[in-house]
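K.L.:
Okay, here's the structure, questions in a sec.
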Amino acid sequence: MRLVDMFGRAHRLSFVQIWTLLSNWRAIGLVCLVAVAIFGTNPHGYRGHMPLLYEVLIWQFGAGLLILLKLLAFACLSMLTFKRPTRRIYLPLLSSAEFTIVFLAMLWVQGRLVDDTYQFDHLAAFPFLLVTLLIVEVLFMRFLLSTYGIAGLQEETDAANGQQAPAPLSNPPTGPRLIEIGDRRIRVDNLRYIASEEHYLRVVTKQETIVQRAKLGDVIDQLHDSDGVRPHRSWWVCRHACPRLTRDGARGTIHLPDFDLSDLPTIPVARSRLQQVQDWFDFHMDW
């Protein structure tokens, strides 16, 4: 799933990885710190209007219900986006809906626990509590992901599933990755875009433009999906060119802001490839 936080930063996580994050001791410790802070600040003004034990239990009920709703929501979204893992899921919208349910549930519970003198403007406090929750979630995600990294998280997930990480190669490749185009060997990280012109390819790199007799399909076979996208049968665009996709209904074009293409201001996107290209941008490019 592609999860987008309130600052627009995308996090690509599976449901199993989310479960691993939430069940880790770091996450549990962070949740406990937040719970202690909430209990200490007493944002709902429960203190003095209900027994201390009830005050502790009502916050445990709210936190437990929120985590349960999140797991259920992520499980459902994981199934719904199984065939389209690149579809963006906006965490602020999801969290707002979950928090509203928890907020109403806590109002119902507190009505049976507080005394008759309790008064609190919950509607006025709702926006403040919601924004606080969203900020805590952003910090939570960034703290854990910066601690783990996706690779470390995957190792934890594999270990939890009883899988062993693949053994490292005895002679791992060193240096930049190269591909062959005609009689030239070109670094992949130097590529910017390739255009097919009948039996020849115009290869634009960071330093130069090369014309070689070759087939675009043979070149693409040497590349990884993350290296770039093929928007049209005659074009391939490298992610290092910082491409930008523009859609106008069923039509799409790709712009290369770092290049002055006076003869071709935009790169066309075939209608049959538009959704595939959109998925590639959603998954591999940060907006």
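FYI, it's all coordinate maths here, none of it is from the lab. Values in this document were obtained by computation on a predicted structure and should not be read as measured data.
K.L.:
What is the distance in Å between the Cα centres of region 203-226 and region 1-35?
P.N.:
Here the two parts' Cα centres lie 39 Å apart.
K.L.:
Two decimals is fine: what's Rg over Rh for region 218-257, C-alpha atoms, Kirkwood radius as Rh?
P.N.:
Computed over Cα atoms, the ratio is 0.99.
K.L.:
Assuming a ≥ b ≥ c are the square roots of the Cα gyration tensor eigenvalues, decide whether region 186-287 counts as rounded (a/c under 1.5), prolate (otherwise, with a/b larger than b/c) or oblate.
P.N.:
The shape class here is rounded.
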